[in-house]
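Report on the structure given below.
The values are calculated or read from the model by the stated rules, or taken from the named source; none is laboratory data. Small disclaimer: the values here were computed from a predicted structure and weren't measured. With ideal geometry, Cβ positions are generated from the backbone for all residues, glycine too; neighbour counts draw on all protein chains shown. SASA here: full protein model, heavy atoms, side chains in, ligands and nucleic acids out. Shrake-Rupley method; radii C 1.70, N 1.55, O 1.52, S 1.80 Å.
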Amino acid sequence: MRVLVTGASGNVGRFVANELLLLGEDVVVAGTSKQKLTELFGNDVEAVTLDFTRPDTFKDATENIDRVFLMRPPHLGKAKDMYPFIDHLSERSLQLVVFLSLMGVSRNPFPPHYRIEKYIEQKHLPYTHVRPGFFMQNISGVHAKEIKEQNKVCIPAGNSETSFIDARDIGLAIAKILHQPEKHHDKAYTLTGKEALTYHQVADILSNVTGKKINYEKPSMLAYRKYYIEERQLDPTYVTVTMMLYLMTRLGTAKAVTADFSELTGKEPTSFKQFALDHVAAFK
Ligand SMILES: NC(=O)c1ccc[n+]([C@@H]2O[C@H](COP(=O)([O-])OP(=O)(O)OC[C@H]3O[C@@H](n4cnc5c(N)ncnc54)[C@H](OP(=O)(O)O)[C@@H]3O)[C@@H](O)[C@H]2O)c1
């Protein structure tokens, strides 16, 4: 049987798919753009169209599937946007659904992930909730533009600490879970990096790696919102969800360091310095 990887062109999905292929699994990669998937994975991996907002895409995407990696696209801000697809999954005979959730969500009902986790459980799907901390790829992705062009990190996290994890590591841990589904039924794991860093430390590491001075000026929530909506023209729902996450970060919810990644994979998590070295081109 085959594993369906949703959001397979995304930050984590691409690594879940690649790690599963390395483990010899039969993988189906899914997303709204089949063309993007074929460009990423070539013609040897089956690509299917799956749009969580279009139930007409569900049946074909889940043909002969017995395990699913499920992610919530960031612009789908309401938990109920994901319910039709979860309902569809609950009507199939599945061994495991691994949901990409969020660190600390068991004690925080505000992010959509909280209700999505509960909904998966209510539907009696065999689940594993994977709750990662902030991705290092946020820095090389959405926040790279300011680092590259203005030599600054534009994130409203004050002096708080974050135990960043590399999305490559999340992909590896999730592939290991999907490869041995019976071991991970109805469990939750919190995946973090090996250390908690302030954004001042992040800026220092980026300065060392790039050879140019990168500053962290602790922007206010309001300045962040105005800049990302008006200048960068990002989706306001996405910006609002991220503001809520940075507010939580300021309250200290993003700094815990756990051993779950090492226990699942037998490896040490990637350090932020190594990540920055591997992605230096994104910051120069
Ligand atoms: N970023 C973090 O630090 C962090 C930390 C913890 C948890 N998370 C959670 O991780 C999840 C993924 O976040 P991300 O920022 O890494 O996103 P991402 O994976 O880069 O999201 C984009 C993916 O979603 C797919 N997609 C978009 N619209 C879709 C739709 N209507 N139906 C099906 N697929 C669709 C895209 O495929 P196409 O391009 O083919 O449409 C693409 O593969 C989010 O729920 C986020 O809250 C993020």
*Given springs between every Cα pair under 10 Å in a Gaussian network model of the chain, which of VAL142, VAL68, VAL257 has the largest fluctuation?*
VAL142
*asked:* List the residues, sorted by chain then number, that are 5 or more residues from THR270 or on another chain and whose placed amide H is less than 5 Å from its amide H.
replied: ASP166
*Once phi is turned into ³J(HN,Hα) by the Karplus curve 6.51 cos²θ - 1.76 cosθ + 1.60 with θ = phi - 60°, what whole-Hz value does each residue of the range 62-67 show in order, with x for glycine and proline?*
10, 5, 6, 9, 10, 9
*Considering amide H positions built from the backbone, and no H for Pro or chain starts, which residues 5 or more places from ARG72, or on another chain, come under 5 Å of its amide H?*
LEU100
*Using mean Cβ contacts within 10 Å as the protection proxy, how do 47-55, 186-194 order, highest first?*
186-194, 47-55
*For the range 61-141, divide the Cα radius of gyration by the Kirkwood radius and give the resulting Rg/Rh value with two decimals.*
0.97
*All other residues with a Cβ under 15 Å from the Cβ of GLY193 taken together, and with Lys, Arg as +1 and Asp, Glu as -1, what is their net charge?*
-2
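With the cut-off at 24 Å, tell me which of the pairs LYS123/LYS255; LYS34/LYS187; LYS78/LYS123; LYS59/LYS80; LYS152/LYS226; LYS78/LYS273 have Cα atoms farther apart than that.
Listed pairs above 24 Å: LYS123/LYS255; LYS34/LYS187; LYS78/LYS273.
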*Setting aside same-chain residues fewer than 8 positions from LYS118, which aspartates and glutamates have a Cα under 15 Å from its Cα?*
ASP81, ASP87, ASP186
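Just the number, please: carbon plus sulfur as a percent of the accessible area of the chain, 1.4 Å probe, no ligands or DNA/RNA counted.
Result for the chain: 48 percent of the exposed heavy-atom area is carbon or sulfur.
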*asked:* With θ taken as phi - 60° and the coefficients 6.51, -1.76 and 1.60, list the Karplus ³J(HN,Hα) couplings across the range 180-190 in order, rounded to whole Hz; mark glycine and proline as x.
replied: 10, x, 5, 6, 10, 4, 6, 10, 9, 10, 10
_Give me, ordered by chain and number, the residues 5 or more places off ARG131 or on other chains with an amide H under 5 Å from its own placed amide H._
SER101, TYR189, THR190, LEU191
*Once the principal axes of the Cα atoms of the chain are found, what is the range along each, listed largest first in whole angstroms?*
53, 36, 34
*Over the chain, give the accessible area per residue in Å² for a 1.4 Å probe, as an integer.*
45 Å²
